[in-house]
Amino acid sequence: MKIAVCIKQVPDSTQVKVDPKTGTLIRAGVPSILNPYDHFALEAALALKEKNGGEVIVVSMGPSQAKSVIRLAQALGADTGILLCDRVFAGSDTWATAYALSRALRKIGKLDLIICGQMAIDGDTAQTGPAVAQMLHLPQITFCEKIDVRNRTLRAKKHIDDGFEVLEATLPVLCTMTMPHDYKPKYPSFPAVARSEAKPFELWTAQDVGAEEQYCGLNGSPTRVDRVYAPPQRKPGAVINGSAAELADRLVEILKKECFVK
Amino acid sequence: MIEISQSCIGCSKCVKACPFGAMHMEGKKAAADEKCTLCGACVQACPVQCISISRKDEVADLSAFKGVWVYIETSETASGEKFVKGVGHELLSAGRGLADTLGEELCAVLLGSGVEGLSGELASYGADKVYLADDAALNDYNTDLYATVLVAMISKYKPSVVLYPSTYVGRDIAPRIASELYVGLTADCTGLAIKEGNLLQTRPAFGGNIMADILSPKTRPQMATVRPNVLKKNAPDSSRTAQVVRETFSLDAKSARVKLVERKRNENVCGGKIDEASIIVSGGRGMKDAAGFAVIQELADTLGGAVGASRAAVDMGLKPKANQVGQSGTTVCPKLYIAAGISGAVQHIVGMSASDVIVAINKDPNAPIFNVAKYALVGDAHQILPRVTEAVKKAKGC
Amino acid sequence: MPTTDAISRNLMLDSLREYAKRNIPYDFVREMDAKNEFPAALLKDMYDPEVLGINLLLIPKEYGGLGGSTVDIYRVCEALARIDLGVATSVFATFLGSDPLRVGGTEEQKRHWFKRMAEERLLVAYGATEADAGSDLVSLRTRAEQVVKDGELVGYRITGNKQWISNGGVADLYTVLALAPGGPSWFLVERTAEGFEANKHEDKHGIRLSNTAGLAYDDVFVPRNQLIGEVEGQGLLQAQAVFGYTRLMVAAFGLGGGWEALELAVKYSQQRIQAGGPLSQKQGYTHKLLVPHAIRLEAARSYIEEVAARLDGEEHGLQTEGAIAKYYATEEGNKTAEDAIQALGGYGYTRDFPVEKIKRDVKITCIYEGTNEIMEMTIYRGRWQEHLKTRGEYYPKLAAELDELHKTNPDVGADSAALGLRALAKVLEECRVQRLTRHQYVTFKLGELIANAEVAAAFCRTAAAKQIPDSFRLDRDCYKAMARVNARETAFDVAGKGVKLVLGNGNGDAAAFSAAVELVRIEDKMRGLVDDMDIVSRKMNETFRAK
């Protein structure tokens, strides 16, 4: 099986803070990590490789420091790593990102399966995976919890709003993976890290994948950010102190006042 | 425009796949006629990828795009009765405001099988028109067929805005269509407005730490998805009517490449489904254990509300994920939200800050939840809530 | 030592930190500290190549290891120290225990024993110290008598006692220093050897997760091929060969322990509200208990990284440089942890908060791997030679380089650092002229001044480099502010203490000597000191935020 996994290096959004005065992000000291959904997607790909044989190729679009997450993926078991890195990609929204990724995936060619994390924890859009699927004219199954491949059929268990579905499609397919809420990403042992140094790594530019500049980066993006700001702070009510009995009485008063209790 | 290249092998799969009968064979090569809606079904079906669609000319004149569209998602009850998901009412309500500002029509887009009867409901929430695609092949949501139909309709009628619910279906179909059409799509908007004729889309990013205003100035339609319980819905006006426009096409159900094998819908979670509850009593890490959540459940039952949980409580196994309120759980906007033993991490607040009245109970006077609470009680919920439950029971005469 | 690439290093550190987060929670460490218990299963797990394989870093590649560079190992040591210094010490002891083999073993020995260490996840111990031979190893008494059979040397019998050996009660393999007829020699002895016994695990002030025990050898037989190098008398040379390297590891312990305590104190200060505001905004508190330590810890780091890079390059030895790093970083780590208790006030004094344990732990770094007094002496001896050899031009030359640096990078304090080095040169020369180094007190004090001056210089150099270390978690502006403060403080320290030393132990004219060390010029550069400290305080609060 030839599987590609799209991965992204993101700031750990659980640690990002916003400067309330300027509305900009404080990134100082915030570590960059492999997007946890992509981490889960990668583990799914590696499990399939172990069961069905084949190779796992990881692709990322990012600045040169994104090489770290590609190497991490290789330390976890991925074979080839490809970093799509070009100044022309700067400022890409999800469409332009999907365009670049789909060009790279096309260049790799003959893929049986493409797996993406459902979304990146910085953009939170969950749009890139389906867009890539559309550009490659592949069937898509989004928000998968589990995927399995037997012969040329992929079976996926996916979330729906009030339950789950089991779906099937013939390869090639693109899947996006959701993540169990108690997911603990695997980390590589020291020898596994050392072994990853020898694995094939390639840096591809826009030209290498035949991405036309008009469809790339800021200019190629149909959406643009008008402005960014800190979330509005609600004006909080005054803090009420007291003994448990006093506070309970107060709360009952509040419930009556707000008409939740007669 | 649509182009079939020299590499066409004459397999005629595209002819079968086209819902509008616009493809035919000219000798050994496929060709498209004026019935073509640029829906892309043929592109998907072609085994050698010799068909390409370019839309540059289509979007040259932005002013030709008019109409605010709302994609209506339906579901069915256990007995098979079709209904409109509540988020549709919210989107129509918001869409009505946008349409009025733009001076354009509000149109509901309804795909399914046997769903025509829902049109009246859509009119009552403000729709001027209902574009209906009713076909047995559309009974269950399916990416390929739904995308084909929607792309055809959008290409034909040229709306300026299309709104989708940010549900599993909406988040599956919207990016697929946006990619096909090369238009801007903004996910999980918490606010929609018109700025200088463009749709201004507001959304959180970085796990809710920052807000962004997004525009799609160069492309039409402008697309956005919105989560349930984010926008307010208007009171329905049953005197309103809408014109129903029925689309015709013939779909090859086999061209749906993903097959549904099994579907299981959850029973009502204990205490009622939180995304539609008007009162939620929610517990966090501070409730500590099952006994703590029993206290929460009692109060919720007494008030006639549902039980919510923070991510920490779910991780501790105190409540299933279905009860989780927050960024990675459910967004709620009940009339009353009582947060007990919840510190108020950004990821949680994003999921409940739209609640009308927020009461927070926490032992820590610096808990961030107090920043969004209308009533901030510094104390031990374990001690306070049972007393409240007692008093409310008495008041209700139980 | 070969260099590993920086990405690999960071991935390994991430794995180590993630492993610790999941498997070495604070409650576990606390419990083991209270029980004085060595976490045997944990160490074996960390040595499992499918889990972490941390021991493989110090086994050369050709024998099945990963052959980590000095930089890799210093970073890992720092990370381990932040998790628990007892665990770190156990890992360090395994590293240390295998050093004589690495520098002195025959090819056959290396192949055999490193292979076993890698495959069997062996814990190793370094058996050198004795009751009467600590700093003074030459007085060791454990002896190794030759065993001759049919005129052939077949092995040795070792008899003697070792004291305070890390991993002493739990190691699988011991490298034991014993006096053979040809002189002190290292022997490889397995725990199963007959006649060997480990004593009980010591009840220590700190690093209680590290097993520390005495060793008793009663006529223990080792075959001749377990004499490292199979040549007697090489023991002390083999031990000294790696000092530059092992001292850096302990320096990294001081750095890690210090930063762990400091970060806790910074976060606490943001949450502790007194007199209307958090402690993090009160200069009397931050500029005494937090900022100076952040500065000196990063100064230590800059020096450690310079020496590590040199050892990974073509250079060997660097024992004096290792001593400077060890001395400076451990003194600083210890003081930082002490002030962290103070910073947390009453809470810091209770066992519920980590800082009192860190303080107990980090104290050992001033004692083992050479006491800091021995370090002062070593530093003095090494640099005194340089002073004499160059006829007093050693430090003026370094000062001139810093003056050059100041021209292109006027914002890193290089001018003050240069003044400090020139003052030091004057002090050394005056000590030579007045023969003040006949007083041992003077020599040890000079060791202290030398260390401070050289570290300050390294800090300026690093602040001016194209890239600041990726191990530094604050930003470039903060780094430069730190270098500036450190340079000014150190120059003042060196000049002032130098004057005191010369006049206190010899003769001289105070005014003249003060002028010679340019004390006034040094004082003049103090302008802006508190503003720079404010920068550091602000950046620390931005970056190390309490939840």
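What follows draws every value from the coordinates through simple rules; no lab data is involved. This structure is a prediction, so every number in the text was calculated from the model and none was measured. Cβ placement follows ideal geometry from the backbone for every residue including glycine, while neighbour counts extend to all protein chains displayed.
Side notes on the structure shown:
- Relative contact order (%) - criterion: Cα under 8 Å, at least six apart; region: the stretch A:115-237: 19 percent
- Cα extents of the protein assembly as shown along the three principal axes, largest first (Å): 107, 77, 63
- In the stretch C:280-366, GluC sites (Glu not before Pro) in a DSSP loop with at most 11 other beta-carbon atoms within 10 Å: C:314
- Cα-derived Rg over Rh, computed across chain B with Rh taken as Kirkwood radius: 1.05
- For the stretch C:83-174, the C-alpha radius of gyration sits at 1.23 times the compact-globule guess of 2.2 N^0.38 Å, with N the residue count.
- GNM on chain B, alpha-carbon springs under 10 angstrom: the most fluctuating residue among B:261, B:359, B:162 is B:261.
- Over 26 Å between alpha carbons, listed pairs A:17/A:158; A:157/B:254; B:335/B:363; A:146/A:199; C:204/C:282; A:8/B:254: A:17/A:158; A:146/A:199; C:204/C:282; A:8/B:254
- Out of every Cα-Cα pair that the stretch B:274-396 contains, those further apart than 18 angstrom amount to 43 percent.
- For the stretch A:166-259, a Kirkwood hydrodynamic radius built from all Cα pairs, placed in the Stokes-Einstein relation at 25 °C and 0.890 mPa s, yields a translational diffusion coefficient of 109 µm²/s.
- Listed residues A:231, A:172, A:31, most fluctuating in chain A (Gaussian network, C-alpha, under 10 Å): A:231
- Scaling the Cα radius of gyration of the stretch A:90-179 by the globular reference 2.2 N^0.38 Å produces a ratio of 1.08.
- Crossing angle, helix C:476-505 versus chain C [Cα axis fit, 0-90 degrees, rounded to tens]: 90 degrees
- With only the Cα atoms considered, the stretch B:1-159 has a convex hull volume of 118 Å³ per residue.
- Residue order for A:94, B:143, B:302, fewest other beta carbons within 10 angstrom first, comes to B:302, B:143, A:94.
- Rounded if a/c under 1.5, otherwise prolate or oblate - the stretch B:125-181, Cα gyration tensor axes: rounded
- Along the axis of the charge dipole computed for the protein assembly as shown (Cβ charges of +1 for Lys and Arg, -1 for Asp and Glu, origin at the Cα centre), the listed residues B:19, C:137, A:206 are led at the positive end by B:19.
- Ratio of Rg to Rh over the stretch B:2-53 (Cα coordinates, Kirkwood Rh, two decimals): 0.89
- Amide H contacts of residue C:125 (H built 1.01 Å from N, under 5 Å, at least 5 apart or other chain): C:173, C:174, C:175
- Sites listed here are trypsin sites (Lys or Arg not before Pro) in the stretch B:12-116 whose DSSP assignment is loop and whose Cβ has at most 13 other Cβ atoms within 10 Å: B:28, B:35, B:56.
- Relative contact order of chain C: 12 percent, from C-alpha pairs under 8 Å at least 6 residues apart in sequence.
- Overall dimensions of the stretch C:372-528, expressed as equivalent-ellipsoid semi-axes from the Cα gyration tensor (√(5λ), whole Å, largest first), are 27, 17, 13.
- The stretch B:206-252 and the stretch C:126-172 have Cα centres separated by 82 Å.
- Sequence-distant residues sharing a close amide H with residue A:176 (under 5 Å, placed H): A:116, A:141, A:142, A:143, A:144
- Computed about the Cα centre, the dipole magnitude for the stretch C:326-420 is approximately 340 debye when only Lys and Arg (+1) and Asp and Glu (-1) carry charge, each at its Cβ.
- Ignoring lysines fewer than eight residues from residue B:396 along the same chain, the ones with Cα atoms less than 19 angstrom from its Cα are A:256, A:257, A:262.
- Once the Cα atoms are used to define both axes, helix B:381-396 deviates from the longest principal axis of chain B by about 90 degrees.
- Pairwise Cα inverse-distance average, inverted: Kirkwood Rh of the stretch C:125-234 (Å): 14.0 Å
- Sparse-neighbourhood loop sites, GluC sites (Glu not before Pro) in the stretch C:368-471 - DSSP loop, at most 14 other Cβ within 10 angstrom: C:393
- Long-range amide H partners of residue A:240 with built H, under 5 Å: B:376, B:377, B:378
- Cα gyration tensor shape for the stretch B:161-286, rounded if a/c is under 1.5, else prolate or oblate: rounded
- Global form of the stretch C:424-517, assessed from the alpha-carbon gyration tensor, a/c cut-off 1.5: prolate
- Sequence-separation-based contact order of chain A, relative, with Cα cut under 8 Å and 6+ spacing, percent: 24 percent
- Shown here are the Rg and Dmax of the Cα trace of the stretch B:178-226, at 10.8, 31 Å.
- In the stretch C:372-528, a dipole from Cβ-located charges (positive for Lys and Arg, negative for Asp and Glu) runs towards its positive end, and of C:490, C:508, C:390 it is C:390 whose Cα lies farthest in that direction.
- With coordinates expressed along the principal axes, the C-alpha atoms belonging to the stretch A:2-220 extend over 54, 41, 40 Å, beginning with the largest.
- When each of C:427, A:239 is scored by the number of other beta-carbon atoms lying within 10 Å, the sequence from fewest to most is A:239, C:427.
- Calculation over all alpha carbon pairs of the stretch C:478-547 in 10 angstrom steps from 0 returns a P(r) of 19, 36, 23, 15, 7, 1 percent.
- For the stretch C:177-184, 3J(HN,Hα) per residue [Karplus equation, 6.51 cos²θ - 1.76 cosθ + 1.60, θ = phi - 60°, Hz, x = Gly/Pro]: 8, 9, 8, 8, x, x, x, x
- Electrostatic dipole magnitude of the protein assembly as shown [Cβ: Lys, Arg +1; Asp, Glu -1; Cα centre; debye, to 20]: 1720 debye
- J(HN,Hα) series, the stretch B:286-292, from Karplus relation 6.51 cos²θ - 1.76 cosθ + 1.60, nearest Hz, glycine and proline x: x, 7, 6, 8, 4, 4, x
- Of A:225, A:58, A:30, the one that fluctuates the most in a GNM where chain A has Cα springs shorter than 10 Å: A:225
- Computed from backbone phi, the HN-Hα couplings of the stretch C:457-467 come to 5, 4, 4, 5, 4, 5, 5, 8, 5, 4, 10 Hz, rounded to whole numbers (Karplus: 6.51 cos²θ - 1.76 cosθ + 1.60, θ = phi - 60°; Gly and Pro given as x).
- When both the stretch C:406-462 and the stretch C:499-542 are represented by their alpha-carbon centers, they are found 12 Å apart.
- What the Cα atoms of the stretch B:91-220 give is an Rg and a Dmax of 15.0, 44 Å.
- Look at C:459, C:38, C:513 and count the other Cβ atoms within 10 Å of each Cβ; fewest to most, that gives C:513, C:38, C:459.
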